[in-house]
Amino acid sequence: MSDQPSDQSNPAQHLALDFFLARQPILNREQDLIGYELLFRSAAFGPANVKDDVTATAAVIAHASELGLSNVIGNLQGFINVDAAVLMSDFIYFLPTDKVVLEILETVRVTPELVARVRELVKAGYVFALDDVVAESGEIEELLPLVKIIKIDVMEVDPSKLLKLSVHFKRAGKELLAEKVETLQQFNDCVTFGFDYFQGYYFAKPMVLQGKKLEASKVVIMHLLTLLVRNVDNGEIVRYIKRDVALSLTLLRLVNTPVYGFQKFIDSLGQALIVLGRRQLKRWLQILLFANTDKGKTHTLSPLMILAATRGKMLELVTAKIRPGRRKMSEMAFTVGIMSLVDALFGMSMESVLRQITVSTEIREALLRRTGFYGMALKLVECTEQREQDQEEMQRLLDELQLSADDFFEAEKYAFEWGNSISTNNVGQAAGVQMAPPPNGYIDDDDDD
C-alpha cells in the first residue's frame, strides 16, 4: 500500500467547513498539559447526520494540510478517534505519525483484517490507544500487543473494579489514561492506581472554600485590571503597582527582555507603562493571573491558564467579527473569556470573587448567568470544550449571534494557535508574542498599541 494518499482519494476537495471542533486537554500526573483529544462534529442536523462524528473526522483528516494541525495542538499530541472505515482508508496518512495518537473507538469490531491493518500502521510509526475501555474482553486482548495507551472511562467503572482493571493493563506494559475525570478525588484515586494521563474538567472545577480570601498579589492584579477598564490615568496605575514589590520588579524585567529590544534600560514604572502600552499591560496582567506559582514551576503556564487565554481570544475574535469597529466590545469579550475561570483559579465561587473585585454589569451577568451578548458568546465557546457537544445548542447560539459555522471555525483555529503560542513562551514574553495575522474580516488588537 502506498505511504501517501493519491489526489483521487482526497475527499477534501469536496469539504465545506460545516463542522465544529472540540479540543479537550489531556494532562500527566504532574498536571502538565501533554496533548488534546480532538473531536469533530458536523454542523448539519437531521437523521442523515446523526452518525457523522467519524465521517467528519475522516473529512478533516483528509483536509489536514488546510486545517493546520500544528495550529490546533501546537507542539503537543493530538488524540483522534478512528473507526474501521478511517483505519482502512488511505487518507489516514495525512496525519503525521509524530503528532497524533489514534484512538480505536469501542464500537469497532475486531476482525483479522482490522488487526492486520493496525499492525501495518504501527510499523509505519503510528501510535494507538483503545478508547472507552470499561472491562477486559477478548477483542481488547487481540489488539493489546499493538496499542500503547488504554483509555478507561472512570465514570462507567465501579471504583472497586477500577484498581483490578488498571493492574491488569499495567502488567501488560500499557500506559493508562483516565477519561471523564470530573473531581479531584477521582484524579487522586487514579494517581494511586497508577494512571499516567488524565482527561476531564477536574482541573478547571473549583474546590469552594467558604470565607477564602484572594492572595494579595492576585487582588492587586484584579484591581489593576479594573483600573484599566475604567481608563484611569497612568499615575494612578503606577501608584497601585507600587503596592506589590514583586509585581513591580516583574514588570521592569518584562520591558527589559530582548522581545522588546530597547537600547536603554527602562528603570521606572512610569516609563515601563508608556513603553509597554496599556493594552499590552492588560494582556500581561491577565496572563500573569493564571500563571502557575507552585514552587519549582514559577513562571510556567498552567493548563487552566491556556484554556482561559484561548477562551478570551476566541471571544475577542468572534465579537470583532460580529461587531466590527467596536474595539471596546472585543476588549470586554477578551476579559469575559479569561475571567470565566477565575473561580477555578481562586478555588472559590464566582459570586465570592466578584464581591472582592469590581466589574461592569455586562461582565458580571455574563460570568454569573451566561446572559447578554457576552454570556451567549461565552456559552458558545464553552460548548466547543465539551467531549459530548450539544450541536443543536451550538447552532442556536450561532444563529442568535448571527455568526456562520465557517466564521466561528476560523476564529477557533486562530484562538487555538494563539493559546499554543502563549504556552510555548514564558509569562513575560507571552504578552508580546508575534503571530501571523488573524483571518480575513477579523481584528486582532494585539498589534494596535
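We did not get these values from a lab; they are worked out from the coordinates using the rules stated. Note that the structure is a prediction, hence the values are computed from the model and not measured. Cβ: placed from backbone, ideal geometry, glycine included. Neighbour counts: every protein chain shown.
The length gained by stretching the chain between THR226 and THR111 to full extension, at 0.36 nm per residue less their Cα-Cα distance, is 35.3 nm. Size check on region 115-170: the Cα extents along the three principal axes, sorted descending, read 38, 18, 17 Å. Here the spin labels are modelled as points 7 Å beyond Cα on the Cα-Cβ line, and at ASN71 and GLU139 they lie 3.7 nm apart.
Taken over the Cα atoms of region 304-407, the convex hull encloses 101 Å³ per residue. For region 340-382, the Cα-based Rg and Dmax, in that order, read 10.2, 27 Å.
Please go through the residue pairs LYS148/LYS180; LYS99/LYS413; LYS164/LYS205; LYS123/LYS180; LYS123/LYS161; LYS218/LYS242 and name each one whose alpha carbons sit more than 22 Å apart in this structure.
On the way: LYS148/LYS180 20 Å; LYS99/LYS413 17 Å; LYS164/LYS205 28 Å; LYS123/LYS180 31 Å; LYS123/LYS161 34 Å; LYS218/LYS242 14 Å.
Where the Cα-Cα span goes over 22 Å, the pairs concerned are LYS164/LYS205; LYS123/LYS180; LYS123/LYS161.
Subtracting the Cα-Cα distance of VAL191 and GLN271 from their residue separation scaled by 0.36 nm leaves 24.0 nm.
Please compute, over every Cα-Cα pair in region 158-204, the percentage with a separation greater than 11 angstrom. Provide the component values of the computation, followed by the final result.
Numbers: 703 of 1081 pairs.
So the portion of pairs separated by more than 11 Å is 65 percent.
Taking region 124-202 as the region of interest, what is the percent of Cα-Cα pairs per 5 angstrom bin, listed from the shortest bin to the one with the maximum distance? Reading upward from the zero bin: 3, 16, 30, 26, 15, 7, 3, 0.
Legend: Rg and Dmax of region 57-191, from Cα coordinates, 15.5, 46 Å. For the pair GLU385 and LYS164, label points projected 7 Å from Cα toward Cβ lie 3.7 nm apart.
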